[in-house]
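Quick notes on the structure that follows.
The values are calculated or read from the model by the stated rules, or taken from the named source; none is laboratory data. Everything quoted here is computed from the prediction, not taken from an experiment. Methodologically, a virtual Cβ is constructed for each residue, glycine included, from the backbone with ideal geometry; neighbour enumeration extends over all protein chains shown.
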Amino acid sequence: MSMPYFAEEIPGKRVIMLGNEAIARGILEAGVVIGAGYPGTPSSEILDTLAKMKPYYPHLNIEWSINEKVGFEVAYGGSMSNARSVALMKHVGLNVASDAFMTACYAGARGGMVVVSADDPNCFSSQNEQDNRYFGLHALIPVFEPSTAQEAKDLIKYAFEFSEEHHTIVLFRTTTRLNHGRGDVMLGEIQNIDRPYGFDWDRARWVCLPSHSRVLRTKLLERFEKISNLADEFPFNSLKLSSEKINGIRYGFIAAGIPYAQLIDTLIDFGLENKVSILKLGMVIPPPKKLIRKLLSSVDKILVVEELEPIIENILKQLAYENKLVNEVEIHGKDYFPQQGEFSGEIYLEKVANFIGIKFEKNSIPDIKISLPPRLPVLCPGCSHRSTFYAITLLEKELKLKFINSSDIGCYTLAVYKPLECVDTEICMGGSIGLANGFAKIHSTENPILAILGDSTFFHSGVPALINAVYNQNNILVVILDNRSTSMTGFQDNPGTGIKITKEPGTRVVIEELVRGCGVPSENIWVEDSNNLNKMVEKLREAVKSQGVRVFISRHLCSLLEEREFRLKQIQIPVVKVDPSKCKGCLICVNQFGCPALSFDSEEKKTNIDQEICRGCKVCISVCQYDAIYEEIN
C-alpha cells in the first residue's frame, strides 16, 4: 500500500488537503508523540488521519479515548513527561474536558501541549454553537485561529514550539468551514525530536492542592501577561495600513480565521484590498494591543468581522475607551454581522458594501412556486435504532401509557422526527440517564421513564449516571442501543468493539458485564437483537413492567457497516419484497415504521420496496399485519 499524500516526507511538495488533514500534517511535522481525543464532527478526521500516518511514523502514540476529559488527561500526561502532545475534540467536548483543562492551565505545559477545539457555527452537527474563544479568556491561555488550510498546518506546528517556550497550554480554535474545506498546502519538514522523555516529580507544579494552586495562579497571570506583551510580534498577526480615503473616510477591518479569508475575498471582489486598513489575527487571545491601537489611530471607522460572539469587538471598544479614542473612531461589528450562524459569501458582500456605502444588489431569487414535500432527516434504511424505537411506540400503544423518553446525542436522536416521534429530551452526552434520574423523583409508574443512548455514548458519560441511579434507587429503564460503532461521527470503534484506532486488537468491554459491575442485578438486564421485532416487544414489555434500575441492551450492527461486511464477505443481502395480492394499503409500514426504502404507490394503493436502498434487515416483515412483506429465497 502506498504512503498517503498527507504523510509523505517531501518538503516543498504541494498537495490539496482537507483542513483536518492539514492540521494532522502540522501535528506530525511538529514532532508530536501523543494524540488523544474523542470523535466529534467537525474534528474527527484529525485523529483518523494521524492513525493512517502511524504505520510510517511509529513514534506516534494515538488513541480514541473514552471521552474528551480522559483524552485531555492522556495528552497532558504526555506533556508532563516532556513529550509534545495534542488533545482533539469538537467545541462541546471542551465542556467535558474543562474540569481537567482549567486546572491544568495553572500548571501549564512541559512538553508542547495543544488542545484543538473545532467550533461549529450554525450547529451543522451540534446541539449548540458556543464560541470557545471564551475558554482562552477564562483559562488565561493563548487562542490561535487559522484562516486557511496552509496556515492551519503552519500555525499548529508553531503552536507546539510556542507552548514549550512559554510553558503554556495553547487552545487551537477552528470552525467547520476550515475543518471540512480543502486548500493548497505545501509540505514541510517532519521533525524527529531527540530528547529524554520521563516524569520529573515536580510535586509543587503537578499536585494542584490549594497551597500549590495559589502559587500557580500567580505564575499563570505572569505567564499570560508576558504572552500579552509579545502578541504584537506574533508572526501570524499582521497589520496593513492604508491612508486612502473612500468618500472622505478612512476604513479599517479586523478579523481572524475563516472570516478573515472571506473578508479578503470580499474586498478583492470590490477592488478595495489596497484602499482599506486590515488587521489580521492569528492569535486572538491575548490580543495585540499595540497593533490594535495603531489601527484605531489610523482609521475613522472599523468593522470587526467575527462569527458568533463579539469577543474582538469588545476588546477593541475597551482599548478605544482606555486610550481615549472613543470619539475619534467608530467601532462596528454585531450591528452589521449577526451573532449567530455561519456567514455566507453573500452576507460578507452585503454587509461590507453597507459599511462602506457601496451600491450592492443581492442576487434576485426567481419566484418559482413549486410545492415540495417536507424532507426531514431520517434514520438510514435498515437502521437497527428504528426497530427499537418502533418497538417502544408499539408498547406505548399496547399499555396505553405515555413514556418519558429521555434520549441522548447520536444517530438515534433523529427519532424525534415523524413518524417515530419517540424522543422527548436531548441536551448532552450522557444526559439521557442523568435527566431520567431527575424524572424518577417526581413521576409515577404511569409514566415509565426510559433513558435511551448509544453504546459509545454510554461508555463516554453514561456509566456515572447509571451508578447514580443504582445508588439512589431511582426507578428507570436504560435502553442502550448497541450498534457496535460510533456511527454518527464516522464509524469509529469504541470499547464495545475492542478495536483500537490503529485497527489493532484492544480489549473489548462487554456492556452487560459493565452494567452488572455498576450494580444492576442480572435479572434486571435484557439483551435482544434489535431487528427481531417480536422478541424486542416481548422483552421490552417485561422490562417496562419491572421496577428499579433496569437495563435493556438492543444490539445489532449498524446497517451501513453490516452492508459493508456483506459485500466484503460476498454474502447476498437479503431481498425483501411486497406481495401486491396481500398488501391492503394500510400504510402502517410507511407512515408508522417509516423506513426510507418503503414507499406507497398512490395509484395501485400498494407499498413498494426500493431494492436499491433496502438493506435487507427484514424488520418490515414483522411490521406488516397482513403478511404482505416477505423475504425472497433464491
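Looking only at segment 21-72, which residues are of a type in the set (Val, Ile, Thr) and not in a helix (DSSP H, G or I)? First the steps, then the outcome.
Taking segment 21-72 and keeping what is of a type in the set (Val, Ile, Thr), we get 23, 27, 32-34, 41, 46, 49, 62, 66, 70.
Result: 32, 33, 34, 41, 62, 66.
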Segment 1-56 - residue that is in contact with a Phe, Trp or Tyr (Cβ under 8 Å, 6 or more places away or on another chain) and of a type in the set (S, T, N, Q) and, of those, modelled with the highest pLDDT: 49
Selected residue [out of contact with any Ser or Thr (no Cβ under 8 Å at 6 or more places or on another chain) and modelled with pLDDT of 95 or more] from 535, 500: 535
Top-ranked residue of segment 552-594 - restricted to ones that are over 19 Å from residue 379 (Cα atoms) and of a type in the set (Asp, Glu), ranked as surrounded by the most Cβ atoms within 10 Å (Cβ to Cβ): 579
Residues of segment 74-84 satisfying the condition of being surrounded by fewer than 20 Cβ atoms within 10 Å (Cβ to Cβ) and either basic (Lys, Arg) or assigned to a helix (DSSP H, G or I) (or both): 77
Selection count where residues are within 25 Å of residue 459 (Cβ to Cβ), touching a Leu at 6+ places or on another chain (Cβ under 6 Å) and modelled with pLDDT under 90, scope segment 413-434: 1
Qualifying residue in segment 363-381 (condition: in contact (Cβ under 8 Å) with a residue 40 or more places away in the chain and more than 30 Å from residue 447 (Cβ to Cβ)): yes
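Out of 273, 244, I need the residue that is modelled with pLDDT under 95 and in contact with a helix residue (DSSP H, G or I) (Cβ under 8 Å, 6 or more places away or on another chain). Which one? Full working, then the answer.
Details: 244 fails: in contact with a helix residue (DSSP H, G or I) (Cβ under 8 Å, 6 or more places away or on another chain).
Of 273, 244, the one residue that is modelled with pLDDT under 95 and in contact with a helix residue (DSSP H, G or I) (Cβ under 8 Å, 6 or more places away or on another chain) is 273.
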Residue within segment 292-302 that is in contact with a Pro (Cβ under 8 Å, 6 or more places away or on another chain) and either of a type in the set (Asp, Glu) or not assigned by TED's automatic domain parsing to the domain that holds residue 28 (or both) present: no
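I'm checking my understanding of the structure. Among residues of segment 91-145 that are of a type in the set (Gly, Ala, Ser) and under 22 Å from residue 282 (Cβ atoms), which one is surrounded by the most Cβ atoms within 10 Å (Cβ to Cβ)?
So the first thing to find is which residues in segment 91-145 are of a type in the set (Gly, Ala, Ser), and the list is 93, 97-98, 100, 104, 107-109, 111-112, 117-118, 125-126, 136, 139.
Of the ones still in play, those that are also under 22 Å from residue 282 (Cβ atoms) are 108-109, 112, 117-118, 136, 139.
On the way: 108: 19, 109: 26, 112: 29, 117: 27, 118: 31, 136: 24, 139: 24.
Checked segment 91-145; the qualifying residue surrounded by the most Cβ atoms within 10 Å (Cβ to Cβ) is 118.
Against the condition polar (S, T, N, Q) and closer than 28 Å to residue 513 by Cβ, how does residue 581 come out, does it pass? Let's see the steps before the verdict.
Working: polar (S, T, N, Q): yes; closer than 28 Å to residue 513 by Cβ: no.
When the stated conditions are applied, residue 581 does not pass them.
Filter segment 313-335 for residues that are of a type in the set (Lys, Arg), exposed (fewer than 15 other Cβ atoms within 10 Å of the Cβ) and under 23 Å from residue 351 (Cα atoms) and give the result.
Initially, segment 313-335 is screened for residues of a type in the set (Lys, Arg), giving 317, 324, 334.
Now drop any that are not exposed (fewer than 15 other Cβ atoms within 10 Å of the Cβ), which leaves 324, 334.
If the condition is that a residue be of a type in the set (Lys, Arg), exposed (fewer than 15 other Cβ atoms within 10 Å of the Cβ) and under 23 Å from residue 351 (Cα atoms), then 334 is the only one that fits.
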Leading residue by the ranking (modelled with the lowest pLDDT) among those in segment 313-370 that are part of a loop (DSSP other than H, G, I, E, B) and among the aromatic types (Phe, Trp, Tyr): 360
Residue ranges of helices (runs of 4 or more DSSP H) in segment 125-221 with at least 2 members in the same structural domain as residue 22 (by TED's automatic domain parsing), under 15 Å from residue 115 (Cβ atoms) and in contact (Cβ under 8 Å) with a residue 40 or more places away in the chain: 133-139, 149-166
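Please specify each residue of segment 168-206 satisfying the condition of being surrounded by 15 or more Cβ atoms within 10 Å (Cβ to Cβ), of a type in the set (Lys, Arg) and under 31 Å from the mean Cα position of the chain (by Cα). Explain how you work it out, then say what you get.
Narrowing segment 168-206 to residues surrounded by 15 or more Cβ atoms within 10 Å (Cβ to Cβ): 168-181, 183, 185, 187-188, 190-191, 193, 205-206.
Restricting the remaining residues to those that are of a type in the set (Lys, Arg) gives 173, 177, 205.
Selection gives 173, 177.
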Residue 228 being outside the structural domain of residue 328 (by TED's automatic domain parsing), closer than 23 Å to residue 154 by Cβ and either part of a helix (DSSP H, G or I) or among the β-branched types (Val, Ile, Thr) (or both): yes
Residue within segment 588-601 that is β-branched (Val, Ile, Thr), in contact (Cβ under 8 Å) with a residue 12 or more places away in the chain and touching a helix residue (DSSP H, G or I) at 6+ places or on another chain (Cβ under 8 Å) present: yes
Matching residues in segment 600-618 - criterion: being crowded, with 16+ Cβ neighbours inside 10 Å and either touching a His at 6+ places or on another chain (Cβ under 7 Å) or within 14 Å of residue 573 (Cβ to Cβ) (or both): 609, 614, 615, 616, 617, 618
